[in-house]
Amino acid sequence: MSEIPDTLREQTLKLLASGEAVSRADLVDTLKVAPSTVSNVVRRLLEEGTILEEGVGRSTGGRRPRILRLRDAGGVLAVTELGARHARVGLCLPDGRLLAAEEIAIDIAAGPKEVFEVVAAAFSAARADAAPGQPLLGVGMALPGPVEFPSGRLAGPARMPGWNGFDARTALAERFEVPVVVENDAKAAAMGEHSTRGRDTGDMIYVKVGTGIGGCLVTGGQIHRGGRGLSGDVTHVRVADSGERHCSCGSRGCLETVASGAALARELQRLGLPVSTTRDVIAAADDAEPAAVTMVRNAGRLLGVALSGLVNFLSPDAVVIGGALSSLDVYVAAARGMLYERCLPSVTQSLSIEASVAGPDAALAGLGHLVCAAVHVLPA
Ligand SMILES: [Zn+2]
């Protein structure tokens with residue numbers, strides 16, 4: 001039998017894991033390859049015991065198809081998304097679905113060693129609580145900074161002392177001795193958003209706006225990584241009317257200095273409001289504090305300005321705004337208004353511009369998806 005390309009094997013397992021395909025016919029339709037090619041891949045996966053064949057599905061004319069599914073070997077995936085002061089920690093089923101999640105306190109500025117101790121303890125507690133006796137199959141971690149792919153090395157993250165150049169993937173693999181995925185938080189959240197919305201979403205620009213701003217293009221159901229995996233940086237796009245403030249990157253007038261939660265908190269504080277975190281900004285805007293609402297609306301408009309060039313260039317099917325600030329309708333509406341104003345009508349005609357539907361666990365859901373693929377693609 002000829003060698004099966006890794007990508008075809010990976011795509012087949014992903015489609016079966018997500019339930020997008022349950023039969024050989026589904027795989028032929030979705031993968032757009034010859035039935036004989038699908039037969040070869042399926043035969044190989046059945047032989048090695050990665051998948052099972054059982055029962056029969058509904059007929060769409062002709063013979064009723066045999067149902068294919070991943071072998072349920074038990075076990076869990078442990079996933080975490082790190083922020084500056086908090087981390088979301090969760091467990092996923094082997095097919096990537098999120099089982100349980102909670103928030104714990106961390107201090108990312110304490111450096112990777114100390115943070116990994118706290119996260120490992122939280123993984124142990126979660127497994128003892130929600131999946132006692134289940135083996136750990138894989139680990140995923142989303143980080144709030146640029147992550148090189150596939151090495152998982154941090155490349156010049158802001159506000160993360162001790163992390164620059166740190167090889168998070170190797171450190172986690174040595175600690176847990178299972179396949180590990182390390183990803184930028186916006187990219188992980190984009191995958192979670194895309195899988196929550198389903199494959200009809202099409203090409204999507206996802207922006208995560210919290211204390212900082214991150215972005216990701218999902219095209220053909222895959223993260224567009226670019227050279228070294230460092231794509232998606234919208235935070236240091238220079239925007240007009242931004243007040244030319246100094247940015248953490250050393251430049252001036254970046255989007256981050258006007259449209260991020262950190263920038264809004266700083267500006268509101270300067271006006272004398274009792275605001276120090278992104279959560280305080282959201283609370284002030286929810287309370288209809290006039291200065292907060294005006295500033296949040298202006299921030300949303302500047303996000304729209306920064307995204308308009310990308311939208312004209314890429315002509316995506318969807319722009320999705322996620323992260324904490326996406327809970328503010330005024331922010332999302334201002335960004336949407338500016339995109340309609342700045343983009344070509346032919347491009348915005350069928351463009352959907354919406355707040356995230358995957359919510360605060362978007363990154364954990366995305367990691368579940370990515371770790372599931374890594375666990376099933378790597379030879380057992
Ligand atoms: Zn900058």
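Every number in this text was worked out from the coordinates using simple rules, so none of it is lab data. Predicted model, so just to flag it, every value in this text is computed and none were measured. Glycine gets a Cβ as well: all are built from the backbone with ideal geometry, and neighbour counts include every protein chain shown.
Separation of the stretch 346-361 and the stretch 116-148, taken as the distance between their Cα centroids, equals 30 angstrom. The stretch 1-155 has equivalent-ellipsoid semi-axes of 38, 18, 13 Å, by the square roots of 5 times the alpha carbon gyration tensor eigenvalues, sorted largest first. Over every Cα atom in the stretch 6-70, the radius of gyration and the widest Cα-Cα span, Dmax, amount to 10.9, 32 Å. Within the shell of other residues whose beta carbon sits under 12 angstrom from the beta carbon of Ser124, the net charge comes to 0, with Lys and Arg scored +1 and Asp and Glu -1. Secondary structure note: in the stretch 96-220, about 60% of the DSSP beta bridges are antiparallel.
In whole angstrom, how long is each semi-axis of the equivalent ellipsoid of the stretch 236-323, when you take the square root of 5 times every eigenvalue of its Cα gyration tensor and sort them from largest down? Value: 24, 16, 10 Å, ordered largest first. Hydrodynamic radius of the stretch 136-184 by the Kirkwood approach over all distinct alpha-carbon pairs: 10.8 Å. Once Rg and the Kirkwood radius are both taken over the C-alpha atoms of the chain, their ratio Rg/Rh works out to 1.00. Spread over its residues, the convex hull of the C-alpha atoms of the stretch 77-215 is 108 Å³ per residue. Taking only the alpha carbons of the stretch 198-357, we obtain Rg and Dmax values of 15.3, 47 Å in that order. What does the charge add up to near Gly198, with Lys and Arg as +1, Asp and Glu as -1, over the other residues with Cβ less than 15 Å from its Cβ? Net charge in that neighbourhood comes out at -3. Here the peptides 134-144, 154-164, 342-352, 206-216 are ranked by packing, the mean other Cβ count within 10 Å, and the order with the highest first is 206-216, 134-144, 154-164, 342-352. As a ratio to 2.2 N^0.38 Å, the alpha-carbon radius of gyration for the stretch 178-256 is 1.25.
Under a Cβ-Cβ cut-off of 10 Å, what is the net charge of the residues other than Ser151 that fall near it, where Lys and Arg count +1 and Asp and Glu count -1? Result for the neighbourhood of Ser151: +1.
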